[in-house]
Amino acid sequence: EPMKISKKLLAVCVAAFTLSMALMGCNSGTSSSGGGSAPTGAAEQKESSKPADDRVDFTWFKASVPEGYDIWSDTGDGGFVGSICFKNVEESDKSISFDVESDDAETLVADETDSDGYTAGEDITIGKYTWKTVDFTWNDTPSVELIAEIPDTGQSVVIYLFMTTPDDPAVKAFLESLEFPENLEEAHNEAKNISIADLCKENGLTEYKPGK
């Protein structure tokens, strides 16, 4: 009986986020006279030496913004970072959602595969973590649960990929960038008090608005 998963997904994340790159352009000055001196190249050199890490600190994890997604919450409008999810901008039912559990990964896989339509897949290693996988179908589309025990935390993380898989380039890049802190449980509890709206405002991210 798929009660467990259904309950989790009642408010399936209909949102994720895109990172605005508008501020990346940097103008070193404009001259109205088409006059002769070319830029010295110093500004360009400085630009290229900037750190390549574009990850966002979501309090209970760091990750790059999944390309083509906006930020929302599993609980809907006015939600908090502890229940963050990412929703595809073009296909609203395609989303990335999370759970944090104290059970080990094998127990969680066994619980999920008790439900009809959920089957255990092969383990995969992406980025820092090795994930157990559970395959399922959402809106007649292949979907995947990823389950991993996060070292030194006593916690496991479940990532639900609705209507997408780890093979999708945007999802794969997100998973490769993902990093959880050692104080995961404490950080996750802290994130439950940080609003999605504040997170987006502070980091220049786009909050998903239903019906937009």
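List of remarks:
- Residues of region 110-120 classified as out of contact with any strand residue (DSSP E or B) (no Cβ under 7 Å at 6 or more places or on another chain) and either part of a loop (DSSP other than H, G, I, E, B) or free of Cβ contacts under 8 Å to residues at least 12 places away in the same chain (or both), total: 4
- Qualifying residue in region 158-171 (condition: surrounded by fewer than 20 Cβ atoms within 10 Å (Cβ to Cβ), of a type in the set (Ser, Thr, Tyr) and under 14 Å from the mean Cα position of the chain (by Cα)): yes
- The set of residues in region 121-132 that are in contact (Cβ under 8 Å) with a residue 24 or more places away in the chain, among the β-branched types (Val, Ile, Thr) and touching a strand residue (DSSP E or B) at 6+ places or on another chain (Cβ under 8 Å) contains only 124.
- Of residues in region 89-109 being under 22 Å from residue 185 (Cβ atoms) and free of Cβ contacts under 8 Å to residues at least 40 places away in the same chain, the one least open to solvent (accessible area, probe 1.4 Å): 109
- For residue 137, the conditions (1) open to solvent by 60 Å² or more (accessible area, probe 1.4 Å); (2) within 15 Å of the chain's Cα centre (by Cα); (3) closer than 22 Å to residue 91 by Cα are fulfilled apart from (2).
- Checked against the criteria, residue 182 does not count as in a helix (DSSP H, G or I) and open to solvent by 60 Å² or more (accessible area, probe 1.4 Å).
- All positions within region 56-93 that are modelled with pLDDT under 95, in contact with a helix residue (DSSP H, G or I) (Cβ under 6 Å, 6 or more places away or on another chain) and charged (D, E, K, R): 74
- Selection count, region 77-88, where residues are within 16 Å of residue 179 (Cα to Cα) and either open to solvent by 50 Å² or more (accessible area, probe 1.4 Å) or not in a strand (DSSP E or B) (or both): 2
The values are calculated or read from the model by the stated rules, or taken from the named source; none is laboratory data. Remember, it's a predicted structure, so these values are computed and weren't measured experimentally. For neighbour counting, all protein chains shown are included, and Cβ atoms are generated from backbone atoms with ideal geometry for every residue, glycine included. Quick note on the areas: whole protein, heavy atoms, side chains included, nothing else; ligands and nucleic acids left out. Shrake-Rupley method; radii C 1.70, N 1.55, O 1.52, S 1.80 Å.
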